[in-house]
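Here's the structure we're looking at; comments come further down.
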Amino acid sequence: MSGWRGGGRGRGAPRGGRGGFRRDFPPTPPRARDPAIQARENIIFLADQEDFNVSTDVPMLARYLRDKWPVGAAPGILDGFAWSINEQAHKLPYYAALLLVLSKEEFHLDIAPERRPQDPITDRVRAQASALASNDDPFTSGPTGGEAEAEVEAALGGDGGADKMVVDGIAEGGAGEGSNGEQEQERRRKERCLSWLILQDLGIRFREWVDQRSWLKVRLAVSFFGHLVPIGLISEESYLATLRSFISVLEELGGGGKRAEKVIRVVTEGLLRAGPRFYESNKQAVDEIISIISSSVTSREQSRALHNTFFLPAEVARGDITPEADQLDNALSTLRMAQDAGFMKVTWMPEPARRFMRDPEDTGVVDLYNIPEISVPPEAEGGPSLSRALEGEGLIGTFTLGGKIGLTDGRVPNPSTPDGWMMQSMILDILSIYEVNRVKCAELLLKLTDFCLLDVFRGKPAPGEEEASDIAVPGEWILASTLISIILSAMFKLPKSPHHVIYLTSVIRELCLANGAMMAPPVGLAMRNIFSDLGNGLDIEIARRTAEWFSVHLSNFAYQWMWKAWIPDLQLPMTHPKRAFMHRLVELEIRLAYQERVLETLPEEMQDERDAPALQMPDPVFVYEDPNHPEHENATEILSMLNAKASWEDVLTRLREVSGCTGSTDVIPQEYRRIAVHAVLHIGSRSFSHFLNATERYLRLIQELAHTQKGRRELLVFVRDFWQNSSQMRVMVIDKYLQYNLVDYEDVVEATFGAFSARPEGVRPDWPTVWTDYHAWELLNNALIKSKGRLVAISKRITETEREDETIRAKRNAMVDNATPMNIGEDGDVDIKESTDSKPEQVSREVQELLRRKIELESDQTKLISKVVSSFVNSLVPGRSSGVAVPSQLDKVIDGDYNDPLVWDTVARLGFYREFMRSFGSDVKASASELEPFFKDLPAGVDPTAESSTLGAHLVRVIYEQAVTL
Amino acid sequence: MAHIVDRLDMPSSYKDNKNRVSREDERNQLANSTTLYVGNLSFYTTEAQIYEIFSQCAEPSEGGGIKRIIMGLDRNNKTPCGFAFVEYYLHSEALASMRYISGTKLDERIIRCDLDPGYKEGRQFGRGKSGGQVRDEYRDDYDAGRGGWGHEAAQAKRRRELAAADTYAAEGGLGRDGANVPVGASADAPTRKRARSEDEDEDDEGAREAPPMRGERDDDDD
């Protein structure tokens, strides 16, 4: 096992263990003695061997499989193919070659396998037949009875033509009907062929994958079938029909919704894999498919420009809202380019099957398999959601920086070309499939060249090629640049990355560990490229994610970074996106390490500004510690009570006494509430556990001190003051205060836009604001996500409770049914009625309570969204932002006048407003009727030459409208 | 999906000899566990650092997050001894940490995570003879992050050591007698109105039954 470094004596060893290395090695895999397991592994490892030789190894494996099939290896062979096709996107051409070899006469079985019940194919077909016959699949049009046989036959590849056969003895009730000696002979002849048997199994699995909406599996299966068309294993007609079934989704009312993107990708890759001969003989049909894709892609809403990675406020305000090319635009241009070139094969993709192609003069019988008909199911409503990696697999646009493709040096595949599209797609698929093991993922990515034709990737540009055109072609690509560029583009995908940022971070870490000399330069280059675009329109959310990634990355590599290159930027005000990013990065590093360690890695010039907020030691500020503080004595007394674990009532009573607050209903003056809250925070300041402990012990005290809306909002300010040097602690404390219900979500919004956004008196004009230093958004985003999470959690609980109710009800009914005969003659009828009615009602009360709570939460969520929207609008629209310490300077942003350092506060706030509209667009859309009043006074359409403040107000409206029309 | 590659989020074969439940029961506990054992930490690593890295796998949009962190302490000195428990709200968060964080660095050490059936009082203490983890009893290499040889420790490290000792061993420290381990807020806190009247219930729910004792993995790791 890679990465396992032994462990010496474990505790399970007879002599006991101590010390040693990792204990978390997996259980020893079973010895592959089972022929099925052996066969499966041999298939999976095809082409992985160092000395792999196509001409000899593929036929050798084919012979082995033929020999082992009759002796129990059949299930392993079928699984081996299915798993490899689903999980080894980089080796599809090799499996096509193996299948081609298996189709040859010399590799046929001596006799067709008997169809026994335990035969995997028979089992699957039987299950399929029974499903079709009972019509319990909601997504198929529902053939019943005798039609089921035809369906089964289709699944088995019956082509309805000269080769048509009846699969007797398979479908229930089908035995004997319509069979005759010739057909049986024909079936037996075909089923001697292993490739035929394997394709039958794949065909059935393919239908299952389609029904399960396993899009990644579906796309890879279609791609694999695409390889089989030109080598004569699959009929062109059925392949075309399959592609058409997917395309039909685009012609549905509404254009197929989210499925549109997935089917376009399925078809694009399917066509590219099938190659020139398929196009030539089906030109009209393929052109038609491309035209349907074209109208689907080009008719999309322009408002998707909200997802652009670059945002230039003045241009958007003046009506230039051109969306950046995304994966669908790339798919379309790829298809058009391929169409012009007659769907020439992808240049870098190996074609091992070529060596085994039949002699054109060979007149032997070729059995073309027909892919079973499929019907693409509608989008799942409320069903189990796919994991993030599978839901969003492969979604990525073209991220270009500095006019070059990608984020590194431009020596990367251009995804709007067939070669580039396929390479990008393959890398993204590997990232999705290997998400369960980042180490293996990195290993595979680094040896990707093994599965491409020679020289598609270079170590570095050939002499004189650096200054060649910006768009590299295969042969000019650099593997390290390509991997980093694609991984980072996936990380920065807006509105949401298909993967956890930390997953992609850890893949980059593994790549760098495996080959630092090769991988480190593009990582550094990407970072520098991103940095150079900060302040030039690069989206602030991308900057935020970059800091998140890079801080963890550096913490894995001894915090070594070329900070010196950024010294000239220290001249910029601290509010500038570049300075803000530098500080954010340092701040996140300090969170992961400690201040002294991080500061020692910074150049002197940066250390000179030790008073900058981000560079502070993250210690608490307990002002009452100072003996000269007027409230020092009172605070010390309260603190000692807390240290002595006095009850919350006693503390409250004493607090009332010292504050002179005699009436039990009188509100304790603010200063004394602050003393108490700071004292609780102080005893909890040593660690996260101390904080939780103190909060849990004095929960009631804090509740009493902050039981009004004003009190809660002041509580947040107390927290801000106490942890003024640690943004991390502010975030943690407020997060837990939300969890403990000490503050409301709306309180956090109010404090963020109000007290936290205010500038302390006398502060330097270029000092960071809570918006430029990302902190306001961190708080706001946490609150919004957490609020949404409550809804998700309660919905899950409702589903679970309903399921439990259902189970209980079913059990009870069964018991009642069983009990009924015994009760006949007594008062059985009455008993049954009572027992069946009463209990479910009792259970459903729990569901009712949850539903009631859900409605409450939904209403809270609507109010929260409304509060955030109004706060953003009021703080952004020029002239409205009264009461906020940093007034909006959106007019200056439109004018491009950045002389005042505080203009960057508006830029950051606007950026996060846009991010809010992107991330919570569905909630905004759902609350649109409540939100309309905030926008009705803002100009809807404006003359591009209008005043800057008018354009600014219009811009705020445009961003909202983009969100609700997406 | 993942037939052809080993998953990184499988629990180890570790079995605590103080845990009285059967293998089968323990497997069931692990199948839904939200708790991670984190090993090979530096003695100076703080809970805030642990929070920062492990919150990267939190899924607040699914109702998740870090519920609590329990720092492993030397039984005698009540100072951190190089392991911790991180408890999430969701099982999927613990699995994600196994996949993405285990085997990467925190505070410049490679940390190891393992699924854990759940914290039980007493498990926060080391089981070595000298109070720390057993693995440190027998370690014959120099390890500055885990006690090393103090005379070579740098000034900064001494300051951190003092701070770490102060956190858990001094008056009011969590390692002292009578100190409680926080239960962490419930995932599904009721509304404010209900919180006032029913907060006792809420606390009870937070302190839900933990599985029987299972010790720290004193011989974990490199």
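The values are calculated or read from the model by the stated rules, or taken from the named source; none is laboratory data. Everything quoted here is computed from the prediction, not taken from an experiment. In this analysis, Cβ positions are derived from the backbone assuming ideal geometry, glycine residues included, and neighbour counts consider all displayed protein chains. All accessible areas refer to the heavy atoms of the entire protein, side chains included, with ligands and DNA or RNA removed. Shrake-Rupley method; radii C 1.70, N 1.55, O 1.52, S 1.80 Å.
A compact table of results
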read-out: Test: residue A:640 is of a type in the set (Gly, Ala, Ser) and open to solvent by 50 Å² or more (accessible area, probe 1.4 Å); value: yes
read-out: Near pairs, Cβ below 6 angstrom, 6+ apart or cross-chain, from the range A:266-290 (open to solvent by less than 10 Å² (accessible area, probe 1.4 Å)) to any residue that is among the aromatic types (Phe, Trp, Tyr) and part of a helix (DSSP H, G or I); value: A:266/A:246; A:267/A:246; A:286/A:279
read-out: Residue satisfying condition, being closer than 20 Å to residue A:853 by Cβ and free of Cβ contacts under 8 Å to residues at least 60 places away in the same chain, within set A:798, A:734, A:794; value: A:798
read-out: Qualifying residue in the range B:20-27 (condition: more than 9 Å from every other protein chain (Cβ to nearest Cβ) and of a type in the set (Gly, Ala, Ser)); value: yes
read-out: Which listed residue, of A:587, A:596, A:548, is assigned to a helix (DSSP H, G or I), crowded, with 21+ Cβ neighbours inside 10 Å and within 14 Å of another protein chain (Cβ to nearest Cβ); value: A:587
read-out: Among residues of the range A:551-563, those that are more than 14 Å from chain B (Cβ to nearest Cβ) and either open to solvent by less than 30 Å² (accessible area, probe 1.4 Å) or under 23 Å from the mean Cα position of the chain (by Cα) (or both), counted; value: 1
read-out: For residue A:331: the one exception among (1) touching a Ser or Thr at 6+ places or on another chain (Cβ under 7 Å); (2) open to solvent by 20 Å² or more (accessible area, probe 1.4 Å); value: (2)
read-out: Residues of the range A:198-235 that turn out to be part of a helix (DSSP H, G or I) and in contact with a strand residue (DSSP E or B) (Cβ under 6 Å, 6 or more places away or on another chain), as a count; value: 3
read-out: Residue A:734 open to solvent by 20 Å² or more (accessible area, probe 1.4 Å) and within 14 Å of chain B (Cβ to nearest Cβ); value: no
read-out: Restricting the range A:495-545 to residues that are open to solvent by 30 Å² or more (accessible area, probe 1.4 Å), within 14 Å of chain B (Cβ to nearest Cβ) and part of a helix (DSSP H, G or I), the residue that is nearest to residue A:915 (Cα to Cα); value: A:544
read-out: For residue B:16: the one exception among (1) more than 7 Å from chain A (Cβ to nearest Cβ); (2) without any contact (Cβ under 8 Å) to a residue 60 or more places away in the chain; (3) over 15 Å from the mean Cα position of the chain (by Cα); value: (2)
read-out: Hey, residue A:664 closer than 29 Å to residue A:704 by Cα and open to solvent by less than 60 Å² (accessible area, probe 1.4 Å) or not; value: no
read-out: Filter result for the condition that a residue is touching an Asp or Glu at 6+ places or on another chain (Cβ under 8 Å), β-branched (Val, Ile, Thr) and closer than 21 Å to residue A:378 by Cα, over A:222, A:249; value: A:222
read-out: Residues satisfying the stated conditions in the range B:10-39, i.e. part of a loop (DSSP other than H, G, I, E, B), open to solvent by less than 50 Å² (accessible area, probe 1.4 Å) and in contact with a Leu (Cβ under 9 Å, 6 or more places away or on another chain); value: B:11, B:12, B:33, B:34
read-out: The lone exception for residue B:216 - which of (1) more than 8 Å from chain A (Cβ to nearest Cβ); (2) modelled with pLDDT of 75 or more it fails; value: (2)
read-out: Filter result for residue A:436 (within 14 Å of chain B (Cβ to nearest Cβ), at pLDDT 65 or above and in contact with an Asp or Glu (Cβ under 9 Å, 6 or more places away or on another chain)); value: yes
read-out: Pairs with Cβ under 7 Å, 6+ apart, first in the range A:48-64 and closer than 17 Å to residue A:99 by Cα, second of a type in the set (D, E, K, R); value: A:54/A:355; A:55/A:355
read-out: Residues within the range A:741-770 that are of a type in the set (Ser, Thr, Tyr) and part of a loop (DSSP other than H, G, I, E, B), tallied; value: 1
read-out: Any hit, the range B:68-87, residues being part of a helix (DSSP H, G or I), open to solvent by 10 Å² or more (accessible area, probe 1.4 Å) and farther than 21 Å from residue B:187 by Cα; value: no
read-out: Segments classed as helices (runs of 4 or more DSSP H), wholly inside the range A:311-405, with at least 1 members that are modelled with pLDDT of 90 or more and more than 30 Å from residue A:906 (Cα to Cα); value: A:327-340
read-out: Yes/no for residue A:213 being modelled with pLDDT under 95, open to solvent by less than 30 Å² (accessible area, probe 1.4 Å) and touching a Leu at 6+ places or on another chain (Cβ under 9 Å); value: no
read-out: Among the residues listed as A:939, A:944, A:933, the single one being open to solvent by 50 Å² or more (accessible area, probe 1.4 Å) and not in a helix (DSSP H, G or I); value: A:944
read-out: Any helices (runs of 4 or more DSSP H) falling wholly within the range A:42-139 and containing at least 1 residues that are modelled with pLDDT of 95 or more and not charged (D, E, K, R); value: A:54-68, A:74-87, A:92-102
read-out: The range B:122-153: number of residues that are surrounded by 18 or more Cβ atoms within 10 Å (Cβ to Cβ), closer than 17 Å to residue B:46 by Cα and at pLDDT below 80; value: 1
read-out: Enumeration of residues in the range A:554-586 that are among the polar types (S, T, N, Q) and touching a strand residue (DSSP E or B) at 6+ places or on another chain (Cβ under 9 Å); value: A:555, A:556
read-out: Top-ranked residue in the range B:107-121 [being closer than 25 Å to residue B:61 by Cα and hydrophobic (A, V, I, L, M, F, W, C); ranked as surrounded by the fewest Cβ atoms within 10 Å (Cβ to Cβ)]; value: B:115
read-out: Qualifying residue in the range A:746-757 (condition: farther than 28 Å from residue A:652 by Cβ, buried (at least 23 other Cβ atoms within 10 Å of the Cβ), modelled with pLDDT of 95 or more and among the polar types (S, T, N, Q)); value: yes
read-out: Residue in the range B:43-66 that is more than 10 Å from chain A (Cβ to nearest Cβ) and at pLDDT below 90 present; value: no
read-out: Close pairs (7 angstrom Cβ cut-off, 6 or more residues apart or separate chains): within 7 Å of chain B (Cβ to nearest Cβ) in the range A:685-696, of a type in the set (S, T, N, Q) and open to solvent by 10 Å² or more (accessible area, probe 1.4 Å) anywhere; value: A:686/B:167; A:687/B:46; A:687/B:167; A:693/B:180
